[in-house]
Amino acid sequence: MSCLSAFRAACASLVLIVLAGTARGQSPAALAPFQFLLGQWEGVGGQAGATGGFTFAPGVQDRVIVRTNYSNTPASGGKPAQRHDDLMVIYVDAGVVKADYFDSESHVIRYVAEARSGAVVFLSHVEPAEPRYRLTYTRGSATTLNGTFEVAPPGKPDSFSPYLSWTARKMK
C-alpha cells in the first residue's frame, strides 16, 4: 500500500469515527415533539391523601426518553393502601416512535407513539383476546400536563373508555 493509499484509508476511518460520534450524541428527530414531556412532574388534585409523580428524562446519550412513575393510594373502603411503580422507555425503531411499559403489577404494554399538536398519544397493539390501551399526555401550559389512560375491551379495539385521568405540575 502506498503512502497516499494509507493516508486516504486513515482519513476515511477518521471521518467515520467522527460521524459515528456525532450521530450518537444527537437525539433522534422523531423524539423532538416529545421534548415538552421532559422534567419532573407532581400530581395535583385527585383522591384525598393520594400522592404521585413522574419524571421524563433523556437517556442512553439522548437516544431514548425514560419515564419513571409512582403513585401512593391511601387505604379506603376496606382496601389497604397501595403503591404503584412503573417504567416506560420511549425510543425510535425504524423511524417509528415506540414505547415499552413495565409496572409493579407485572403488566407489560408495547405502544406505538404519535405526536399531535400539543399532545402525545401512546396506542397499544391490537391483540385479539386482550384489552387495548391508549395513554395520552396533553400540554396544559408551560407548567402543567394533563394525562388520560383509556382501555378498550377485547374484540373492540377502538371502543375506549376512560380509566384514569390526572393533572400534573412541573417541579422547579
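Quick notes
- Criterion violated by Ala113 - all others in (1) of a type outside the set (Phe, Trp, Tyr); (2) loosely packed, with under 12 Cβ neighbours inside 10 Å; (3) in contact with a Phe, Trp or Tyr (Cβ under 8 Å, 6 or more places away or on another chain) satisfied: (2)
- Which numbered condition Arg132 fails, given (1) more than 27 Å from Gln61 (Cβ to Cβ); (2) surrounded by fewer than 19 Cβ atoms within 10 Å (Cβ to Cβ): (2)
- Any chance Phe102 is exposed (fewer than 15 other Cβ atoms within 10 Å of the Cβ), aromatic (Phe, Trp, Tyr) and out of contact with any Gly (no Cβ under 7 Å at 6 or more places or on another chain): yes
- Output for the stretch 128-155, where each listed residue is over 23 Å from Met171 (Cα atoms), in contact (Cβ under 8 Å) with a residue 24 or more places away in the chain and charged (D, E, K, R): Glu130, Arg132, Arg134
- Scanning the stretch 53-101 for residues that are among the β-branched types (Val, Ile, Thr) and either at pLDDT 95 or above or not in a strand (DSSP E or B) (or both) yields Thr55, Val60, Val64, Ile65, Val66, Thr68, Val89, Ile90, Val92, Val96, Val97.
- Filtered residues of the stretch 91-114 (kept if within 23 Å of Gln35 (Cβ to Cβ) and aliphatic (A, V, I, L, M)): Val92, Ala94, Val96, Val97, Ala99, Ile109, Val112, Ala113
- Residue match in the stretch 55-73 (condition: in contact (Cβ under 8 Å) with a residue 60 or more places away in the chain, touching a Leu at 6+ places or on another chain (Cβ under 8 Å) and either among the polar types (S, T, N, Q) or surrounded by 14 or more Cβ atoms within 10 Å (Cβ to Cβ) (or both)): no
- All positions within the stretch 112-165 that are out of contact with any strand residue (DSSP E or B) (no Cβ under 8 Å at 6 or more places or on another chain) and assigned to a strand (DSSP E or B): Arg116
- Asp93 vs. criteria touching a strand residue (DSSP E or B) at 6+ places or on another chain (Cβ under 9 Å) and either without any contact (Cβ under 8 Å) to a residue 60 or more places away in the chain or acidic (Asp, Glu) (or both): no
The values are calculated or read from the model by the stated rules, or taken from the named source; none is laboratory data. These numbers were taken from a predicted model, which means no experiment stands behind them. Positions of Cβ are generated from backbone atoms using ideal geometry, with glycine treated the same way; all protein chains shown enter the neighbour counts.
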